[in-house]
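The values are calculated or read from the model by the stated rules, or taken from the named source; none is laboratory data. Computed from a prediction, not measured in an experiment: that's the story for all the values here. Backbone-built Cβ (ideal geometry, glycine too); neighbour counts: all protein chains shown. Quick note on the areas: whole protein, heavy atoms, side chains included, nothing else; ligands and nucleic acids left out. Shrake-Rupley method; radii C 1.70, N 1.55, O 1.52, S 1.80 Å.
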Amino acid sequence: MNEPPPQTIIEKTFTFEDDEDTLIVSIPEVLDPQYGMHVWPCAVVLSQYVWITREKTQHKTILELGAGVSLPGIVAAKCGANVILSDSAELPLCLKNCRRSCDVNNLPSTPVIGLTWGQVSPELISLPPVDIILGSDVFYEPEDFEDVLLTICFFVRRNPCSQFWTTYQERSADWSIDALLHKWNLKCIDVPLETFHANKNHLAGSTLPGDHTVQMMIITAKEML
């Protein structure tokens with residue numbers, strides 16, 4: 001039986017800094033177009049927000065959805081949050097890469113679990129109440145939008161104060177989740193990139209986000225914003 005070809009893995013370094021401190025994070029990328037496990041612009045922008053607001057996240061329980069390479073979650077863990085990383089239970093290679101990111105950044109005890117959006121699985125039910133959910137570029141395929149928000153709604157009902165921090169790349173003028181937010185009793189506010197110093201082509205020592213148009217928003221229960 002033929003063996004699968006070995007994966008080509010490289011490590012990318014991202015440097016987050018301000019006048020007070022510096023954080024350097026290494027992220028292993030799998031250079032195989034079949035897997036797509038590399039850092040996207042949305043992940044860097046969301047990580048920048050986590051870094052700038054790190055005093056708010058210390059000792060909080062944070063879950064990253066669709067983590068893949070896990071850059072935002074790794075930054076949160078390095079800043080003192082109690083982080084759980086997740087990706088689809090149907091994508092074992094992505095879960096393996098989440099664990100690889102933890103090992104590279106000396107976070108071997110960070111939990112990595114399989115969560116498939118829209119499914120109320122035993123793994124989902126067993127999670128503790130979550131304060132903040134992170135998701136970069138999870139609003140990519142329109143057919144996934146409601147599954148993502150159903151999962152967010154599950155956490156909000158457990159902890160009405162929880163927030164979903166998410167970044168997305170503008171790809172279509174028809175992109176909208178307004179009707180779904182109303183359906184699931186959620187609402188959002190936009191977070192201007194300039195408020196957390198992410199409105200530039202070079203970010204965290206990399207060329208990401210470059211010329212990509214990335215936006216950020218925070219989604220909560222309607223009564224919380």
*Identify all lysines with a Cα-Cα distance to Lys222 below 20 Å; exclude those on the same chain that are fewer than 8 residues away in sequence.*
Lys183, Lys187
*Could you tally the net charge around Ala81, taking each other residue with its Cβ under 14 Å from the Cβ of Ala81, Lys/Arg +1 and Asp/Glu -1?*
+1
*Which value, in Å², gives the accessible area per residue of segment 9-221 when a 1.4 Å probe is used on the protein heavy atoms?*
46 Å²
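Just add up the charged neighbours of Ser162: K/R +1, D/E -1, any other residue whose Cβ is under 12 Å from the Cβ of Ser162. Display every interim value, and only then the final one.
Numbers: positive: Lys60, Arg157, Arg158; negative: Asp131.
So the environment of Ser162 carries a net charge of +2.
Which shape class applies to segment 9-221: rounded if a/c is under 1.5, otherwise prolate when a/b exceeds b/c and oblate if not, where a ≥ b ≥ c are the square roots of the Cα gyration tensor eigenvalues? Spell out each step's value before the answer.
Values: a/c = 1.30, a/b = 1.16, b/c = 1.12.
Rounded is the answer for segment 9-221, as its axis ratio a/c remains below 1.5.
Which trypsin sites (Lys or Arg not before Pro) from segment 163-217 combine a DSSP loop assignment with at most 13 other Cβ atoms within 10 Å? Walk me through the numbers on the way to the answer.
Values: sites: Arg171, Lys183, Lys187, Lys200; in loops: Arg171, Lys200.
Qualifying residues, ordered by number: Arg171, Lys200.
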_Set of lysines with alpha-carbon distance to Lys96 below 26 Å, sequence-local pairs under 8 removed_ = Lys12, Lys60, Lys78
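Between rounded, prolate and oblate, where does segment 55-133 land on the alpha carbon gyration tensor, with a ≥ b ≥ c its root eigenvalues, rounded for a/c under 1.5, else prolate if a/b exceeds b/c? List each step's numbers first, then the result.
Details: a/c = 2.10, a/b = 1.18, b/c = 1.77.
Judged from the Cα gyration tensor, segment 55-133 comes out oblate (a/c at least 1.5, b/c at or above a/b).
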*What percent do you get for the relative contact order of the chain when only Cα pairs under 8 Å and 6+ apart count?*
19 percent
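How do 44-56, 73-85, 114-126, 149-161 rank on mean C-beta neighbours within 10 Å, highest first? Walk me through the numbers on the way to the answer.
Numbers: 44-56: 22.1, 73-85: 24.5, 114-126: 14.2, 149-161: 17.9.
Those peptides, ordered most packed to least, come out 73-85, 44-56, 149-161, 114-126.
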*Candidates per GluC sites (Glu not before Pro) in segment 152-225, loop by DSSP, up to 16 other Cβ within 10 Å*: Glu170, Glu223
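Please report the antiparallel percentage of the DSSP beta bridges confined to the chain, to the nearest 5.
On the way: 22 of 37 bridges.
Taking every DSSP beta bridge with both residues in the chain, the antiparallel ones total about 60 percent.
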